[in-house]
1. Yes or no: V442 within 30 Å of V470 (Cα to Cα), more than 29 Å from the chain's Cα centre (by Cα) and in the same structural domain as N505 (by TED's automatic domain parsing)?
2. Any chance segment 377-387 includes a residue that's aliphatic (A, V, I, L, M), assigned to a loop (DSSP other than H, G, I, E, B) and closer than 29 Å to I244 by Cβ?
3. Quick check on this structure: which one of R289, R233, R214 is in the same structural domain as G72 (by TED's automatic domain parsing), among the charged types (D, E, K, R) and buried (at least 20 other Cβ atoms within 10 Å of the Cβ)?
4. The conditions are (1) more than 26 Å from M36 (Cβ to Cβ); (2) of a type outside the set (D, E); (3) out of contact with any Gly (no Cβ under 8 Å at 6 or more places or on another chain), and V68 fails exactly one of them. Which is it?
5. Name the one entry in L158, L143 that is in contact (Cβ under 8 Å) with a residue 24 or more places away in the chain, crowded, with 24+ Cβ neighbours inside 10 Å and either more than 16 Å from the chain's Cα centre (by Cα) or closer than 16 Å to V507 by Cβ (or both).
6. Restricting attention to segment 234-267, which residues are polar (S, T, N, Q) and closer than 30 Å to F144 by Cβ?
7. Take the residues in segment 108-144 that are acidic (D, E) and part of a loop (DSSP other than H, G, I, E, B), then tell me which one is nearest to K176 (Cα to Cα).
8. Go through segment 315-343 and report how many residues are closer than 23 Å to T380 by Cβ and in contact with a Gly (Cβ under 7 Å, 6 or more places away or on another chain).
Amino acid sequence: MHQRINVVVAMVFFATLPAYAADQVGRDQVGRDQVMRGVAAVQRAAQATVDQGEVPGLSIAIVWKNEVVYMGGFGVRVAGRPEKVDADTVFQLASCSKPISSTVVAALVGDGLLTWDSRIADLDPAFQLGDAYPTAQVTVADLFAHRSGLPGDAGNELEAIGYNRPDILKRLRLVKASSSFRAGYSYSNFGLTEGAEAAARAAGKPWEDVEEERLFKLLGMTSTSGRHSDFLRQANRGENHVKINGAWTALVKRDPDPQSPAGGVSSNVRDLAKWMRLELGNGVFDGKRMIAEAALTRTHQPVMARGLDPVLKTPDFYALGWAVGYRPYGETWSHAGAFSTGARTLVTLVPGTGLGVVVLTGAFPTGVPEGLTQIFMDETFTARSSADSISVWNKLYASIFEPAIEAAKTQFGKPPANVTPALPNATYVGRYSNPYVGEVTVDEKNGALTLRLGPGLMTVLPLKHFNRDVFVTVAAPEMPDVLSPITFQIGPDGRANQVTIDSVNGVGLGVLMRTE
């Protein structure tokens with residue numbers, strides 16, 4: 001388990017009707033009465049969801065034919081406090097940042113500063129992948145489609161221990177590819193982040209300035225930012241929550257600045273309704289063209305197959321920062337976001353009918369965004385919705401995350417029956433390093449061992465003995481009962497000559513050699 005879990009959630013919607021092509025559903029086939037029926041259903045379901053404690057609070061916006069037909073909030077911003085969620089409550093979007101960043105790059109492409117097929121080597125010559133050929137040929141589109149060969153987890157573990165964006169992107173050259181170039185789909189936060197960074201270089205400004213100037217200000221998205229400091233300045237913000245002993249708890253704050261283009265945007269549904277209108281308007285907002293249509297259209301064209309929808313069993317694809325699916329009501333452009341520290345978000349657009357839905361909540365894990373979206377779509381298109389939709393999605397999420405968590409608890413929750421004692425603490429104390437993780441120290445104080453890592457050795461992990469040369473530590477503060485192993489190897493001189501840190505070993509670069 002890693003200290004932070006950045007989750008991409010497949011955009012799939014439970015339905016009972018066979019899938020068919022998007023052109024079989026048109027804008028005129030959905031009337032206002034149908035849409036408002038869906039709005040009423042999702043309002044009832046959202047209130048019931050909060051009343052039943054499924055999440056502390058949530059907000060929803062729904063647009064149709066360039067009109068905001070609903071915006072509202074339910075529940076509270078922080079569990080145990082009275083402040084209510086409303087349409088202006090700002091949440092962290094997690095991976096719903098990706099389609100927003102895609103919109104920003106499309107704007108730069110439309111301005112002629114680059115193309116989607118511009119090579120990263122031309123925009124950011126210092127960036128390198130693990131092999132020479134993809135380094136020379138990888139494009140902005142490749143990175144936004146997750147087909148560079150870069151393993152999905154690469155960089156996430158470095159962010160978790162405190163490294164900044166430049167340091168992480170520089171270290172990606174050390175990572176072995178998970179597939180041949182352009183041959184495999186591997187969802188990469190820091191791959192997409194590099195694509196955005198390279199595009200910002202073409203504009204000659206930091207990424208956060210580019211997205212603010214080229215999208216947020218133009219649309220009047222006054223509460224939206226890619227900077228964590230701006231999120232913290234919001235008085236009306238929803239905190240992240242995880243369940244501790246069965247109760248939603250605002251336990252850990254999440255600073256996603258290193259991967260801001262991929263997961264660091266914060267916003268509210270009022271602002272996101274404007275963005276959805278821009279997307280559904282093919283780059284036109286309030287009658288004015290903001291983004292060239294061809295540049296934006298490219299972001300919605302499927303590039304990589306992601307396999308079958310686990311419910312409908314229809315093909316799902318990834319485009320450029322968007323998931324593309326085919327549902328009973330037509331083609332969808334969508335994306336979900338999640339932080340294991342307590343965020344869940346979902347945006348879904350149905351371009352053939354002019355509909356857009358966004359659901360934000362500060363809770364993890366939960367299937368509430370998918371369940372509410374399903375209720376709206378089912379009620380709008382079929383006049384039928386299931387009261388069990390949220391339960392179905394919660395069970396699906398549980399089937400994804402709970403087995404891994406339970407396995408970790410079982411494996412390292414308690415020492416084996418016949419524990420072999422550790423060697424003297426001096427055996428393990430010392431400095432270790434590798435080029436990817438950097439320097440690590442193991443120190444002793446009052447008879448206990450502590451591992452320190454990250455820039456300035458800022459991340460501190462107390463070690464608890466497990467068995468002989470294996471110690472354990474808390475994998476992530478939001479999961480205090482999940483332990484991760486730290487394994488030492490003893491050299492010929494009787495001292496540890498290397499250490500494997502499981503929480504930073506997702507791409508096989510968590511083995512560090514003793515330096516002193």
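1. So V442 passes the test.
2. yes
3. On the way: R289 fails: buried (at least 20 other Cβ atoms within 10 Å of the Cβ); R233 fails: buried (at least 20 other Cβ atoms within 10 Å of the Cβ).
Among R289, R233, R214, only R214 is in the same structural domain as G72 (by TED's automatic domain parsing), among the charged types (D, E, K, R) and buried (at least 20 other Cβ atoms within 10 Å of the Cβ).
4. Of everything listed in (1) more than 26 Å from M36 (Cβ to Cβ); (2) of a type outside the set (D, E); (3) out of contact with any Gly (no Cβ under 8 Å at 6 or more places or on another chain), V68 misses just condition (1).
5. After ruling out the rest, the residue left standing is L158.
6. Q234, N240, Q259, S260, S266, S267
7. Per the stated criteria, the residue is D131.
8. Residues that pass the stated criteria total 5.
The values are calculated or read from the model by the stated rules, or taken from the named source; none is laboratory data. A quick note: this is a predicted structure, and the numbers were derived from the prediction, not measured. A quick note on method: Cβ atoms are made from the backbone with ideal geometry, for glycine too, and the neighbour counts reach across all protein chains shown.
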